[in-house]
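These notes are about the structure you will find just below.
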Amino acid sequence: MHEAFVSLRAEAIRKWEERQQSTIPRILVGSATCGCATGALDVITAIEQKLQETGIKAHIQQVGCIGMCYAEVLVDIIKPGRPRISYKNMTPETVAELLEDYLLNDNPRPDLALAVIGEGEVEGIPNLADEPVFKSQQRIVLKNCGHIDPESIEDYMAQDGYMGLVKALQMQPQEIVDIVTKSELRGRGGAGFPAGRKWNSCLRAAGDQKYVICNADEGDPGAFMDRSVQEGDPHALIEGMTIAGYAIGASKGYIYVRAEYPLAVVRLKKAIEQAKEKNLLGENILGSGFSFDLEIFQGAGAFVCGESTALVMSIEGKRGMPRPLPRPRTTEAGLWNKPTLLNNVKTFAYVPQIIHKGADWFTSTGTEGCRGTAVFALTGKIKRSGLIEVPMGIELGKIIHEIGGGVLNDRKFKAVQTGGPSGGCLPESKLNLPVDFDTLVEAGSMMGSGGMVVLDETTCMVDVARYFLQFTLEESCGQCVPCRLGTLQMLEILNEICAGKGREGDIELLVELGKSIIASSICGLGKSAPNPVLSTINYFRDEYEAHIKDRACPALVCKDLIKYSIDVEKCSGCGLCRKNCPTEAITGGKKEPHVIDQVKCTKCGICYDVCPDRFRAVACFTGKEKAAV
Amino acid sequence: MKADTFFIIGSNTTETHPVIGYRIRKAIKEGASLIVADPRRIELAEHADVFLQLRPGTNEALLNGMLNVVINEGLYDRDFIRERTEGFDEVAAAIQKYTPEYVAQITGVPAEAIRKAARLYAGAKNAAILYTMGVTQHTSGTSTVFAIANLAMATGNVGKPYAGVNPLRGQNNVQGACDMGGLPTVFTGYQPVASPEIRKKFEEAWGVTLNPDPGLTITEMMNAALDGRVKMLYVMGENPALTEANLQHTREALEKVDFLVVQDIFLTETAAMADVVLPAAAFAEKDGTFVNTERRVQLIRKAVPAPGSARSDWQILQELAQKIGLNWQYGGTAEIFAEMASLTPSYAGISHERLEREGGLQWPCPSPDHPGTPYLHSQNFTRGKGLFNVVEYTPAAEQTDPEYPLVLTTGRNLYHYHTGTMTHRSKGIEAQSPEELAQVSFEDAARLGIRDGDVVKLCSRRGELETRVRVTDMVPPGVVFMTFHHASAPVNILTNDQVDPVAKIPELKVCAVKMEKVVS
Amino acid sequence: MATVKVNINGMDVQAEEGMTIYEVAQSLGIYIPTLCYHPDLSTFGGCRVCMVEANGEEVTACRAPIKDGMVIKTDTENVSQMRLINVELILTNHDQDCQSCARNNNCKLQEVSAFVGVTPERMQRLRRVITNEVKDISNPIFQRDFAKCIVCGICVRTCEEINGIAAIDFGFRGYKTTISTLGDKPILESKCESCGECVERCPTGALVVKGQVIPEREVKTVCAYCGVGCGLILGVRGSRVVSVRGDRENPVNNGHLCIKGRYGFDFLNHPERLKTPLVRKGGVLTEASWEEALSLVAAKIKEYRDNFGPDALAALASARCTNEDNYLLQKLFRSLGTNNIDHCARL
């Protein structure tokens, strides 16, 4: 077994090294879904064209997402003998310019560069490792993303890929489970259940047929951590699942992936084929006698199918509905009533490295109780949005202000929403909290699968709560009353509050309903659905009160509660607002003060935006005619 | 139901016996296996482990083929055969030519499916065979039942719970009508009229002299009416003008008979031809007993008065008897039942009073302290040892030919019951199946230019009718299916009245027809 | 079966292992409100109204099995509050025109609302949100009124577990979740067999028989259709049969029925029923008295027997009539000297 692998690995490393030593330049283009959405494919075409035109020889390689979404499209160039330079916000035009300047004329264009990646120095270009965006990050799960070609198993193997599996196959299943237990790895699906305990229970469960399932049904709005791993490093997931299969005695695994992730599906399929070709998956893996097959199951877009029992029902071909307690554990009676190990993408992706490098290596990162790293999709009103991986226990504020670069347009920070629709909003006063599973829950939010949305002063917290609640209530499976109708009732109340029809006692009613929904819902979806509302009431109660008592939206978001008007004194009658108003609500003659017809006005705010700074004649009011902003 | 395997042949159970259908579906969901043999892709076929879609009229061959596999693969129950049966060796020898491959040619069922079905049936712990008219309404009906019995006995699936051979009776009291001696050869409880002792018992009890010669079957009665031997026909609650095979012939007979009396709840097609019509009470308007398909005798109770001056059938008969000069003085149905039970050993332990107290009882129930008999033949067969009968495949009496290229087979649907005397007059039901929709395969429809909902003319050697069609994959190419529920498309105009030589059942399940589109 | 000790509302009791809390409570006569539980069916646990406290945790009584030493409280403040809120939530989404509802006074939601203590004051705090106002009237026998559907799934489980046809299932998501057929077609175009088992079990007015008439008394009998012999309970109003339900005590069908047994009784009251004897006069069937009709038949029978011998007579017994009727028919004709008796057993 070992011999076969040794030569495979040697060949992979040889090819990798050969490429590093390449005498022609290498161009890496971040072309995960995020890159493609920003135009990576057009950039690639432009590169190809430019190369052809100029006759420059270069090797183009598509890589996964390195996580710096704010800088997409990212193009890295490695010239022989030069460090790897990453260029940001590339367009077909700028990339053509860059190629000409750098490859033909040896001008590295520091103005277009983001950073140098890895060793070496280039004048005028900082090293990524020293940059605020990167220096507090620590990459374990994402270590290969953006660095290797995700469609090449050899690239993966050159990064110690499949070393964990080879090591595992030489161990007893219990030894593997013990390492996972000792690593204190907690499931990354959101709840943070100790993975070792799950594996152990599945190993001990009686049954000739067992299953391993990867939950890749990443459904939180704004979350794309799992997608990035699948698109950028699919073999890590496959290797992790195969190790799990060997450890618990399963011969079959399913990856339950959203059908909305077509690129992930393509890359996973390719990776599975490659792994089978190299006998790292399939029958009698590396002659060990252990066989493991992987199948991709595409979900039909139901958020609730991310819940483990609903996911299992969905694979069984039934309507995905979480099974109410009491029910047997999935580890004992899961898919087709057989013992089933179900973990998140990231959980499995950690495993190869934990096995390869040992439990102690893993526990050296993170905090007591929460080992390793956390991956977040940092979005919202933030300067540097993207995918980050940080050690557990990092201060929340550090993520936002250092890694994220602070609030967009230097506005005032208001809150950070974590944990997706199941999580909550934390105010400025909580930014000193360390980020881990338990602390966030105590503060009324949760880590969830890793969404992190930054909100600024222009965000209405009632409206935000309403947004997340709307999401969960539409995605509820509908079987239990509190989740199906309780969330609907809460939404109706929030709608009325935002429409200025809130009633005295509504805040207390929302809390009463929220608590009852949490206490009496069947599954995690219902049990966390009220979180966005309860946490905003907890930290931003004054905003709710302003909506109900003063009929005011302090953030000037709720359209029914705001009013635009033109100051007669300040208006010079330039007509810009009138010309731009989409509903012809503004009238006024040349050089005469203009007036807004409140009946026609849809409160889009265009008049406010277009009024020249030198006049500032348009103002927005809310509540009892209190001027604001 | 706790059988672990069901073999359903010639029975569209979920439509004709829906509540039994519920139990079968449930058993299958709970893990039981199912073999279905039917010319049509009936609903149960969708649940079947093996579906044997055989050509109409080839039941015997299929069953022989299964028995061939059971014997040649050594899947039979040696102990049961040795201790409980006789004649096995003859059958084992005769069956040799029915190899799955040979049977496949006759039935159109792939040989491998026949093997699979045989192995599944023989391998079961408790295998129950359910059949209905798809088995019996053939000229080979009796021998097909023998073939079923051979298969069940060879595998030891008789005389124990949740197994056996279970003909599902189609009508609420068809079992009772037979039990009560509504047959030309027997008194109650199948006591032969030819037996002097039995006759003597009845003569003493009834105070009359009885005829020792067996009477005529219904088909024979019609022939006798046509040639003038039967002058008067008394019909109680039957509608032969719609149910009999080769209706033209039956209707002529009913016309021909001198005096026709019909006792019914509606003016049926037969009553309309009668000289005297006597209005009867319906089931909810009278007392008495019905016997279900599992020989369970159950009380029915009067809930409402009969309309107008309509009377219970027994009251009409009693008054008629009195007018003829017989001194009948029954005070009620319980008394009638008591007299019958006193003359019928298998009913001797049953009385209305006991049924009222205990609920239904399954005969044989020879004494008042006997709990009834849920399943038969647990120790012995009626004749002692179970007899294997050699069965040879005989094709249906009428075969297709270039002029009549299609096979017509008949049955019921879920909504209607028999000729629809009751269901056509139940609003909600009638609305769901207001007219006949003859089932035609996509292939035949395409060939004949027929589309779903078209009206076609169907002709056989005996008659013709027009009906609307449903184009469906339920029937295979070459087969047309119709129900006998609708008087507007009376399928028995077309059917063949050739009968099984023993049971005298006409071959309603196979006749040759041609079909053409009716251009409106 | 082993017995275990549990304490329920302060009482120490013994119960069989494997029983649920709900079953134990019921056996002790303790009422636990529930909307989605049905004794004939598997448990669902969706209404969240049967919550009780067991060993300090809130659980659904219908699903939670008892454990030895378990301490159960069926009426804590928490439990009562949760039940109340969940019932209130259902009511916000429910057409509450109870008086004109066919299920009035026979409605599980009314019963449970009264028990949990719904008050107008509390209801006024909540918003009315009827999410589904569709009525499916496609089936000629029963209708589906979604404004009264509480999505308890009893009909879904009934169709799957009793009938086995699974014509309906949950459809759509979130508050739009409803009971749907394949392709969300009207029920008449689905696989539904109109057996009415779901209508029988629906706890509210969502599934009701069209033109339902409530009987004043009931009579136990046996179905007159196929040979299965299901036990029926006829509902009678005045002198008319107005309803049928399955006899749960009859071991043949345990209360289950098919479309014919449950809904095929209209014929009893059909205007075409024969009400008087008819005698053919001048080729036309004409109303006659019993005396006239029977005298004629008797005379004819004697005439044919005397002139042509008893075998000139023949009689058809009936697979539809009672044993007693058939016994007398064959007795009559055999007494007249013929065995020409048969019936359509072969059809």
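Where a number appears in this text, it was derived from the coordinates with a stated rule and is not lab data. From a predicted model like this one, the values you see are computed outputs, not experimental measurements. Here the Cβ positions follow ideal geometry from the backbone for every residue, glycine too, while neighbour counts run over all protein chains shown.
Quick notes
- When peptides A:23-36, C:232-245 are sorted by average Cβ neighbour count within 10 Å, with the highest value leading, the order is A:23-36, C:232-245.
- Of the peptides B:380-387, A:534-541, the ranking by mean beta-carbon count within 10 Å, highest at the top, reads A:534-541, B:380-387.
- Applying both filters, DSSP loop and at most 14 other Cβ atoms within 10 Å, to the GluC sites (Glu not before Pro) of segment B:412-449 gives B:E435.
- For the residues of C:148-159, the average number of beta carbons from a partner chain within 10 Å of their own beta carbon is 1.
- Three-way shape label, segment C:98-255, alpha-carbon gyration tensor, a/c 1.5: oblate
- Annotation: lysines with alpha-carbon distance below 18 angstrom to A:K563 (same-chain offsets under eight excluded): A:K501, A:K549, A:K600, A:K603, A:K624, A:K626.
- Set of segment A:326-355 residues, backbone N closer than 11 Å to the point 7 Å along the Cα-Cβ line of A:Q174: none
- Gain upon complete extension [A:S291, A:D101; 0.36 nm per residue less C-alpha separation]: 63.1 nm
- Inter-centroid distance (Cα atoms) of segment B:434-507 relative to segment A:148-185, Å: 68
- Distance between the 7 Å Cα→Cβ label points at B:E30 and A:L41: 5.5 nm.
- Which of A:P532, B:T268, C:Q124, positive extreme of dipole for the protein assembly as shown (C-beta unit charges): C:Q124
- Segment C:D306..C:D75, full-extension length gain: 74.7 nm, with 0.36 nm per residue of separation and the alpha-carbon distance subtracted.
- Placing unit charges on the Cβ atoms only, positive for Lys and Arg and negative for Asp and Glu, gives segment B:460-520 a dipole magnitude near 60 debye about its Cα centre.
- Label-point separation in nm, C:K185 to A:K501, each point 7 Å along Cα→Cβ: 4.0
- Shielding by partners - mean other protein chain Cβ count within 10 Å, residues of B:258-270: 4
- Loop-resident sites, segment A:442-514, for trypsin sites (Lys or Arg not before Pro), counting at most 16 other Cβ within 10 Å (DSSP): A:K501, A:R503
- Under 5 Å from the amide H of B:L52 lie the amide H atoms of B:V36, B:A37, B:D38, each residue being 5 or more positions distant or on a separate chain, with H modelled from the backbone and absent for Pro and chain starts.
- Restriction of the GluC sites (Glu not before Pro) in segment C:100-180 to DSSP coil positions whose beta-carbon has at most 14 other beta-carbons within 10 angstrom yields C:E133.
- Of interest is the spacing of the C-alpha centroids, which for segment B:200-246 and segment A:323-373 amounts to 81 Å.
- Dipole of segment B:370-520, positive end: most advanced residue of B:F481, B:V407, B:L387 [Cβ charges, Cα centre]: B:L387
- For the protein assembly as shown, the square roots a ≥ b ≥ c of the C-alpha gyration tensor eigenvalues yield an a/c of 1.5 or more together with a/b exceeding b/c, which makes the shape prolate.
- Paramagnetic label reach from C:S27 (point 7 Å along Cα→Cβ; backbone nitrogen cut-off under 11 Å): within segment C:59-89, residues C:66.
- The stretch between A:T583 and A:K88 holds 174.2 nm of extra length on full extension. This uses 0.36 nm per residue minus the Cα-Cα distance.
- 3J(HN,Hα) couplings calculated from phi for segment B:396-405 with the Karplus curve 6.51 cos²θ - 1.76 cosθ + 1.60 (θ = phi - 60°) are, in sequence order, 4, 4, 10, 10, 6, 8, x, 6, 10, x Hz; Gly and Pro show x.
- Charged-residue dipole, Cβ positions (Lys, Arg, Asp, Glu), chain B about Cα centre, Debye nearest 20: 920
- For the protein assembly as shown, the mean residue ellipticity at 222 nm estimated from helices alone is -9000 deg cm²/dmol, where every DSSP H run of n ≥ 4 contributes -39500 (n - 2.57) and the total is divided by all residues, rounded to the nearest 500.
- Its Cα centre serving as origin, the protein assembly as shown has a Cβ charge dipole (Lys and Arg +1, Asp and Glu -1) of approximately 1460 debye.
- Model label points for A:T365 and B:R301, set 7 angstrom from Cα along the Cα-to-Cβ axis, are 7.8 nm apart.
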